[in-house]
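J.: For reference, the structure I am asking about is given below.
The values are calculated or read from the model by the stated rules, or taken from the named source; none is laboratory data. None of the values given here were measured: they were computed from a predicted structure. Backbone-built Cβ (ideal geometry, glycine too); neighbour counts: all protein chains shown. For the accessible areas, the whole protein counts, side chains as well, though only heavy atoms, and no ligand, DNA or RNA atoms are used. Shrake-Rupley method; radii C 1.70, N 1.55, O 1.52, S 1.80 Å.
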Amino acid sequence: MPNSSNSSSPLVRFNENSWIGSEMLKDHTQRLFQTISSTVSDAVIVTDFDGNIHFINQCAERLLNEDSNHIMTRNIAFYFNAIPSIIKKYHDDQLSEQGYVEDEVLLTRSCGAKIHIKLKVHRDRENGWDIFHLCNISKEKEIEREDQRNQQMLYNIFTQAADSIIIFKNNGTIINVNPVFCKKVNLGRDKILGQKVLKFIPEGFYQKMEKINEYIEQNKKVRGEIPIIHDGGLSVMEFNVSPNIFQGLHMAILRDITEKRQMEIKLKRSEEQFEDLFEETIDAIVFWDQDGKIMRVNKAALSIFECTEQELIGSILCDFLYEKDKKFLKVMKEFQEVGSIRDELLFLMPNGQLKHLEFTARMHPIDGYNITIFRNVSERYQMEKELRESETKFRKVFEGTLDGMLLWDQNYKLIDMNPVAKTILNCSDSFRKGMDIRELINENEETKKEFRSHMKKLAKYGKANQMFIYKDQDSNLKHLEISTKCNLLTNMNLTVIRDVTEKIEMEEQLRKSDTLNVVGELAAGIAHEIRNPMTALKGFIQLLENSMDEPDGGQEMYFNVISSELKRIESIITEFLVLAKPQAIHYLEYDVRKIMTDTIELLNAQALMHGVEFEVNLEDNLPSTFCEPNQLKQVFINIIKNAIEVMPKGGTITINMLKADQEAIKISIKDEGSGIPHDKIKKLGEPFYTTKDRGTGLGLMVSFKIIKEHKGNVEVESELGKGTTFHITLPTI
């Protein structure tokens with residue numbers, strides 16, 4: 001481009017369609033300029049090769065927004081000062097080499113404003129002119145920039161939008177997707193492009209897609225919801241399809257509303273649950289406005305207030321109060337200040353019934369209404385009254401019972417003790433609530449062991465019975481029967497204590513009495529047993545006397561018989577004395593088979609006298625048991641003797657002894673008597689209860705007691721007309 005320099009050429013004005021130059025302007029050049037001026041609508045400026053302006057048309061004057069007189073005084077370079085020097089050099093080179101330059105550049109007006117122009121420069125070498133054609137393209141550039149901005153904005157929206165966007169053809173082929181959609185289906189863009197939209201739609205929605213395509217063909221926008229397939233399953237998408245956005249292309253915008261739908265479902269369920277809860281709850285629920293007017297109630301409220309919904313809706317809640325006393329005013333004041341209240345008041349129902357209602361009220365929790373939840377506690381008041389009366393009765397029973405009672409918690413802490421327990425344990429002075437009940441057990445290790453066993457049974461079965469030998473503070477030994485039941489009430493256990501010292505002593509006396517009774521009844525049989533060997537002894541002694549002088553008269557045989565019969569007499573007398581004389585109780589490891597065999601031998605004479613036979617089946621290799629042999633022998637004698645007596649016309653007593661399991665043996669003694677009625681079996685073993693005309697019932701009572709002390713069990717099975725069977729189970733070692 002020419003450099004700026006001063007020109008000394010004279011200046012002239014020009015008409016609209018003609019050029020007027022200097023006097024030296026040649027005619028043909030002037031005609032050329034006039035032709036250019038009349039045929040172009042662009043601004044035209046003619047300069048010499050140095051850039052000095054010689055001619056302009058009116059378009060140039062308007063373009064430069066300056067008076068022509070000022071324009072003609074300047075060099076063309078003045079208006080192109082915004083063009084970089086490297087570009088200027090390029091333009092100069094082009095003019096020099098090719099005589100032509102075309103470009104888009106910035107033109108600077110004299111006021112400093114810049115405009116975009118399209119520049120064309122022709123060099124007339126013959127006449128020494130450069131002809132500039134200037135076209136203002138600022139508006140086009142602005143439109144172009146706006147278009148670029150819009151395109152950039154669209155691109156940013158497309159790539160950075162939070163929603164998925166798909167661009168697709170009429171046939172459903174995807175030609176572009178944004179990153180959000182790629183992330184949603186977890187596929188790269190290159191694997192999505194070229195695919196059909198239907199690939200991402202479940203088959204069950206193809207018919208819906210056909211309907212959508214119909215709307216697109218009609219150039220109608222489509223909105224709706226449809227699921228999209230991805231590797232994580234399905235997502236519900238809300239879509240908006242815009243047809244024909246550009247040359248037959250369509251755009252779908254999709255928004256994931258899966259969580260929204262799930263929340264709507266949850267909300268719907270919550271609303272349904274609220275309705276169910278509202279209608280089905282056992283508590284009365286009442287909504288009321290700021291004026292106290294009841295707006296909504298549930299079924300329980302109708303039940304409590306005992307009226308219909310039409311009667312209750314619209315009524316004033318406070319009108320149901322029996323008395324608007326000081327308590328009511330206090331409740332209302334607290335409700336207004338705090339916004340919530342929980343209390344009880346007396347209400348008068350429309351039918352005239354008074355009810356104590358417990359209520360919880362909150363201000364404006366739902367839709368601006370106040371809510372009150374009522375519960376009828378009239379029955380509770382009555383129950384509390386009855387409970388107080390029951391507590392009084394319990395206290396009287398607790399204090400006045402003949403048994404000792406202890407109440408204690410799960411931590412062995414004593415809650416209460418009645419006077420009888422204090423007397424039995426002789427601990428009135430040391431008693432205190434909260435003490436450990438284990439402190440009541442003395443230092444005897446055997447007693448502690450029994451107490452631990454008692455607690456184990458309690459933990460396992462929920463109740464336990466135990467016999468203790470207790471030494472009180474005065475060193476008095478007592479037999480205590482303790483029964484405990486856990487969780488009688490929440491965190492409360494009950495222990496009942498009975499002093500059975502006198503009972504034990506009485507039972508011992510009864511046992512001795514029963515033993516003497518048995519001895520008396522056996523006396524006849526034993527006398528008969530002794531008489532027989534005595535008769536034999538007398539006979540053999542006489543034979544000995546007669547054969548003393550005879551050599552080899554059979555004395556050796558006689559002496560053997562005499563010795564055998566004497567041993568038999570000694571055995572019978574020994575058994576008799578064992579039964580009649582009190583023996584110290586010593587538990588030994590013993591063979592029960594031997595005890596049963598000795599018992600049968602002892603009762604054999606009495607059985608023969610009554611025409612009774614024994615059928616005995618004793619299993620081999622039975623384990624031993626830990627017992628007191630004489631006591632078990634007494635049990636067997638009592639039961640077998642009873643069996644003999646219930647068969648006055650004779651019969652068979654069947655005795656079986658076998659192994660019940662790994663830890664017990666079972667002994668069965670069956671008679672062929674008349675049997676025992678079912679309702680009387682439960683009473684067997686009670687003192688002085690007997691089925692015999694002259695019996696006392698003490699024999700079975702003592703027998704049951706002995707078996708119980710041996711940790712065993714007795715069961716009685718009987719059938720009228722067929723006989724009775726006693727089943728005895730004893731633990732083995």
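J.: With Phe205, Phe239 as the choices, which residue is of a type in the set (A, V, I, L, M, F, W, C), within 20 Å of Gln262 (Cβ to Cβ) and in a helix (DSSP H, G or I)? Spell out the reasoning first.
T.: Working: Phe239 fails: in a helix (DSSP H, G or I).
Result of the check over Phe205, Phe239: Phe205.
J.: Another question, then. State which residue pairs qualify: first residue closer than 15 Å to Ser674 by Cβ and inside region 713-733, second residue aromatic (Phe, Trp, Tyr) and crowded, with 16+ Cβ neighbours inside 10 Å in any location, beta carbons under 9 Å apart, and separation of 6 or more residues or different chains.
T.: Val716/Phe726; Glu717/Phe726
J.: In region 368-390, is there at least one residue being among the acidic types (Asp, Glu) and in contact (Cβ under 8 Å) with a residue 40 or more places away in the chain? Lay out the reasoning, then the answer.
T.: Let us first name the residues in region 368-390 that are among the acidic types (Asp, Glu), namely 379, 384, 386, 389.
In the following step, the residues that additionally are in contact (Cβ under 8 Å) with a residue 40 or more places away in the chain were identified as none.
Checking region 368-390: not a single residue is among the acidic types (Asp, Glu) and in contact (Cβ under 8 Å) with a residue 40 or more places away in the chain.
J.: Is it true that some residue in region 38-60 is modelled with pLDDT under 85, open to solvent by 50 Å² or more (accessible area, probe 1.4 Å) and over 24 Å from Glu140 (Cα atoms)?
T.: Looking for residues that are modelled with pLDDT under 85, open to solvent by 50 Å² or more (accessible area, probe 1.4 Å) and over 24 Å from Glu140 (Cα atoms), one finds at least one in region 38-60, hence yes.
J.: Let me ask something else about it. Does Glu238 satisfy the condition of being open to solvent by 70 Å² or more (accessible area, probe 1.4 Å), over 30 Å from Cys318 (Cβ atoms) and not polar (S, T, N, Q)?
T.: Working: open to solvent by 70 Å² or more (accessible area, probe 1.4 Å): no; over 30 Å from Cys318 (Cβ atoms): yes; not polar (S, T, N, Q): yes.
It is false that Glu238 is open to solvent by 70 Å² or more (accessible area, probe 1.4 Å), over 30 Å from Cys318 (Cβ atoms) and not polar (S, T, N, Q).
J.: Now for a different question. Six or more apart or on different chains, Cβ under 8 Å: which pairs go from a residue in region 177-201 that's in contact (Cβ under 8 Å) with a residue 60 or more places away in the chain to one that's open to solvent by 60 Å² or more (accessible area, probe 1.4 Å)? Could you list them?
T.: Once the first residue is in contact (Cβ under 8 Å) with a residue 60 or more places away in the chain and sits in region 177-201, its partners that are open to solvent by 60 Å² or more (accessible area, probe 1.4 Å) give Lys184/Asp256.
J.: Please work out which residue is modelled with the lowest pLDDT, limiting yourself to region 459-481 and to residues that are in contact with a helix residue (DSSP H, G or I) (Cβ under 9 Å, 6 or more places away or on another chain) and open to solvent by less than 30 Å² (accessible area, probe 1.4 Å).
T.: My answer is Asp472.
J.: Select from region 326-341 the residues that are farther than 21 Å from Arg296 by Cβ and either loosely packed, with under 11 Cβ neighbours inside 10 Å or touching a residue at least 12 places away in the same chain (Cβ under 8 Å) (or both) and list them in ascending order. Steps first, answer last, please.
T.: So in region 326-341, the residues farther than 21 Å from Arg296 by Cβ come out as 326-334, 336-338.
Once the filter is applied, which keeps residues that are farther than 21 Å from Arg296 by Cβ and either loosely packed, with under 11 Cβ neighbours inside 10 Å or touching a residue at least 12 places away in the same chain (Cβ under 8 Å) (or both), region 326-341 yields Lys326, Lys327, Phe328, Leu329, Val331, Gln336, Glu337, Val338.
J.: Could you run through region 208-235 and say how many residues are surrounded by 13 or more Cβ atoms within 10 Å (Cβ to Cβ) and in a strand (DSSP E or B)?
T.: Count: 9.
J.: Still on this structure, I have one more. I want to confirm something. Restricting to region 626-653 and keeping residues that are part of a loop (DSSP other than H, G, I, E, B) and charged (D, E, K, R), which single residue is surrounded by the most Cβ atoms within 10 Å (Cβ to Cβ)? Please lay out each step first, then the result.
T.: Initial filter on region 626-653 (part of a loop (DSSP other than H, G, I, E, B)): 628, 646-650.
So of that shortlist, the ones also charged (D, E, K, R) come out as 628, 649.
Working: Glu628: 18, Lys649: 9.
For region 626-653, the residue satisfying everything is Glu628.
J.: Looking at (1) within 17 Å of Thr732 (Cα to Cα); (2) exposed (fewer than 14 other Cβ atoms within 10 Å of the Cβ); (3) touching a His at 6+ places or on another chain (Cβ under 7 Å), find the lone condition where Asp661 falls short.
T.: Evaluating Asp661 over (1) within 17 Å of Thr732 (Cα to Cα); (2) exposed (fewer than 14 other Cβ atoms within 10 Å of the Cβ); (3) touching a His at 6+ places or on another chain (Cβ under 7 Å) leaves (3) as the failure.
J.: Taking Ile115 and the conditions (1) open to solvent by 90 Å² or more (accessible area, probe 1.4 Å); (2) of a type in the set (A, V, I, L, M); (3) touching a Leu at 6+ places or on another chain (Cβ under 7 Å), which numbered condition does it fall short on, given that it satisfies the others?
T.: In the conditions (1) open to solvent by 90 Å² or more (accessible area, probe 1.4 Å); (2) of a type in the set (A, V, I, L, M); (3) touching a Leu at 6+ places or on another chain (Cβ under 7 Å), Ile115 misses (1) alone.
Condition check ((1) within 42 Å of the chain's Cα centre (by Cα); (2) open to solvent by 30 Å² or more (accessible area, probe 1.4 Å); (3) at pLDDT below 85) across all residues:
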| site | (1), (2), (3) |
| --- | --- |
| Lys413 | yes, yes, no |
| Ala421 | no, no, yes |
| Leu425 | no, no, yes |
| Ser428 | no, yes, yes |
| Met435 | yes, no, yes |
| Asn442 | no, yes, yes |
| Glu446 | no, yes, yes |
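J.: Suppose we filter Gln148, Gln160, Gln98, Gln152 for residues that are closer than 30 Å to Asp231 by Cβ and open to solvent by 90 Å² or more (accessible area, probe 1.4 Å); which single one remains?
T.: Details: Gln148 fails: closer than 30 Å to Asp231 by Cβ; Gln98 fails: closer than 30 Å to Asp231 by Cβ; Gln152 fails: closer than 30 Å to Asp231 by Cβ.
Within the list Gln148, Gln160, Gln98, Gln152, the selection yields Gln160.
Each row is one residue, and each column tells you yes or no for (1) touching a helix residue (DSSP H, G or I) at 6+ places or on another chain (Cβ under 6 Å); (2) under 20 Å from Ala60 (Cα atoms); (3) in a loop (DSSP other than H, G, I, E, B); (4) in contact (Cβ under 8 Å) with a residue 24 or more places away in the chain.
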{"site": "Asp103", "(1), (2), (3), (4)": "no, yes, no, no"}
{"site": "Cys111", "(1), (2), (3), (4)": "no, yes, yes, yes"}
{"site": "His122", "(1), (2), (3), (4)": "no, yes, no, no"}
{"site": "Asn127", "(1), (2), (3), (4)": "yes, no, yes, yes"}
{"site": "Lys141", "(1), (2), (3), (4)": "no, yes, no, yes"}
{"site": "Ile157", "(1), (2), (3), (4)": "no, no, no, no"}
{"site": "Asn170", "(1), (2), (3), (4)": "no, no, yes, yes"}
